[in-house]
């Protein structure tokens, strides 16, 4: 399993006044990447509550799937490769919407996209909706 960082990983994420709903856009670019390649799309700081996530993808190639997850680089939380959901078949363009219960990050975290089942090529845009609620 390879892990790559996207060009948007270090985008500045708004975290000023508590309670303001914010969004950020991250893009994972898969370029004939093998199955189970993980791309870290955005970094969110501790004290953020994720209220939702939308993802949009082009046709990634025959037999491919996608997983949208979370990774805690410092080990303070539990990594979950499909926390936000799974697209079983990404061979055609599509989208995913995560709208489960709000989740407060216990520590700094990366939002990740993983191509599964086959070699994938294409862009995946991830748009989390979050609030800065302060440190735990």
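I want to make sure I understand the PRE zone here: with the label point 7 angstrom from the Cα of residue 1 toward its beta carbon, which residues in the stretch 21-47 have backbone N atoms less than 15 Å away? Once the point is set 7 Å along Cα→Cβ of residue 1, 34-41 turn out to lie under 15 Å by backbone N, inside the stretch 21-47. Extension gain, residue 95 to residue 62: 0.36 nm times the residue separation minus the Cα-Cα distance gives 10.2 nm. Assuming a ≥ b ≥ c are the square roots of the Cα gyration tensor eigenvalues, decide whether the chain counts as rounded (a/c under 1.5), prolate (otherwise, with a/b larger than b/c) or oblate. Prolate is the answer for the chain, as a/c is 1.5 or above and a/b outweighs b/c.
Normalised by the number of residues in the chain, the average gap of Cα pairs under 8 Å and 6 or more apart makes the relative contact order 40 percent. Using the Cβ-Cβ distance between residue 79 and residue 123 with R0 = 35 Å, the FRET efficiency computed as 1/(1 + (r/R0)^6) comes to roughly 0.90.
FYI, it's all coordinate maths here, none of it is from the lab. The structure presented is a predicted model; accordingly, all values stated were derived computationally and were not measured. Reconstructed Cβ throughout: ideal geometry from the backbone, glycine too, with neighbour counts over all protein chains shown.
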